[in-house]
Amino acid sequence: MNLTDLYRCCTLCPRQCRVDRTTGERGFCGQPAHIQAARASLHRWEEPCLAGEKGAGTIFFTGCTMDCLFCQNQALKRPGAGWPVSRERFAEICLELQQQGAACLDLVTPTMFLPSLIGGIKLAKEQGCTLPVVYNTSGYERPEMLRLLADTVDIWLPDFKYLSPNSAKMYSKTENYPENILSVLDEMVEQQPNPVFTAQGLMKKGVLIRHLMLPGLERETRLILRTIQKRYGNRVWFSLMSQYTPTPGVKNHPTLCRAVEPKAYQSAVRYALSIGLEQGFIQQEGAVNESFIPDFTRGTGILPGR
């Protein structure tokens, strides 16, 4: 298969826009037929098993397959965001992150550029990159596309946002997210069924499922935790996040205008433990902090010399 052909009638994500991105057409994500990225740097705020001592080698790509009202990285979805990255420059970026001491190669919202990334990662490995590859995604994916990455991705890092179609439609314009996410997680667990860690506690292979609690959706959080435990048990790790930060765009929203109450988060933690969901990470109080949102305007780590 010529992977570039996947850009010619784009069906990389569940929206299946079928536009020809090689001729300048744009689908829902608004992205071109080459890698477009806004930042590459060490990121200390990932889970400890990914960040290590110096941080994850995080590459932030532009665009997204979803449209969340509460998106923390809105700047990445604006027209003209980021810079074009060739396959050769992408390989250089991977090696630069490795030289800086990154614990892994953390690809954030990479789906729109999957055809280019497969070749870019292969080139990086040929040039000496040995970092485990992390696929950091909203979870809104097509299992058929993820199978193309079976020999490329070491760690799957999906969000598990919703189980309610109404919530998915209201907050992210993806009504079919709940039915989609389970098939996506099944595919990821099938590819990486056994978590592997180093002696230092760094994840080398596996699936780590994230759930960002949202204010007013405490019941949905419990349903998601229960689903993870019943469906996957100890085959996966999970991360229950309390860091939701209201952005200016939701300041007048009836529920999204506030942070998650500490009591609600602690209740969710106790529930997870009560159902035997213990292989995971929780956040300390005070995690709501805009320092989680990097600066995407300088081309840090993307443009040579920056």
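Only residues that are open to solvent by 10 Å² or more (accessible area, probe 1.4 Å) and farther than 21 Å from residue 155 by Cα: list them for the stretch 173-189, please. First the steps, then the outcome.
Step one: filter the stretch 173-189 for residues open to solvent by 10 Å² or more (accessible area, probe 1.4 Å), giving 173, 175-176, 178-180, 182-183, 186-187.
Answer for the stretch 173-189, where residues must be open to solvent by 10 Å² or more (accessible area, probe 1.4 Å) and farther than 21 Å from residue 155 by Cα: 173, 175, 176, 178, 179.
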Some residue of the stretch 237-254 being among the aliphatic types (A, V, I, L, M), at pLDDT 95 or above, closer than 23 Å to residue 183 by Cα and out of contact with any Pro (no Cβ under 8 Å at 6 or more places or on another chain):
yes
Residues within the stretch 111-151 that are buried (at least 22 other Cβ atoms within 10 Å of the Cβ) and charged (D, E, K, R), tallied
1
Restricting attention to the stretch 114-143, which residues are out of contact with any Lys or Arg (no Cβ under 7 Å at 6 or more places or on another chain), part of a helix (DSSP H, G or I) and closer than 15 Å to residue 94 by Cβ?
117, 118, 121, 122, 124, 125, 126
Name the single residue that is farthest from residue 194 (Cα to Cα) among those in the stretch 144-172 being of a type in the set (Gly, Ala, Ser) and in a loop (DSSP other than H, G, I, E, B).
164
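Listed here are the residues, each with its yes/no results for (1) in a loop (DSSP other than H, G, I, E, B); (2) in contact with a helix residue (DSSP H, G or I) (Cβ under 9 Å, 6 or more places away or on another chain); (3) at pLDDT 95 or above; (4) open to solvent by 30 Å² or more (accessible area, probe 1.4 Å).
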residue	(1), (2), (3), (4)
18	yes, no, yes, yes
31	yes, yes, yes, no
40	no, yes, yes, no
81	yes, yes, no, no
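Yes/no per residue for (1) part of a loop (DSSP other than H, G, I, E, B); (2) crowded, with 19+ Cβ neighbours inside 10 Å; (3) touching a residue at least 60 places away in the same chain (Cβ under 8 Å); (4) in contact with a Leu (Cβ under 7 Å, 6 or more places away or on another chain):
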residue	(1), (2), (3), (4)
12	yes, yes, yes, yes
15	yes, no, no, no
27	yes, yes, no, no
45	yes, no, yes, no
50	no, yes, yes, no
57	no, yes, yes, yes
60	no, yes, yes, yes
65	yes, yes, yes, no
68	yes, yes, yes, no
Quick test of your reading of the structure: residue 108 fulfils all but one of (1) open to solvent by 10 Å² or more (accessible area, probe 1.4 Å); (2) more than 20 Å from the chain's Cα centre (by Cα). Name the failing condition by number.
(2)
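The values are calculated or read from the model by the stated rules, or taken from the named source; none is laboratory data. In this text the structure is predicted, and so the values were computed from the model without any measurement. Positions of Cβ are generated from backbone atoms using ideal geometry, with glycine treated the same way; all protein chains shown enter the neighbour counts. What goes into the accessible areas is simple: the full protein's heavy atoms, side chains included, and nothing from ligands, DNA or RNA. Shrake-Rupley method; radii C 1.70, N 1.55, O 1.52, S 1.80 Å.
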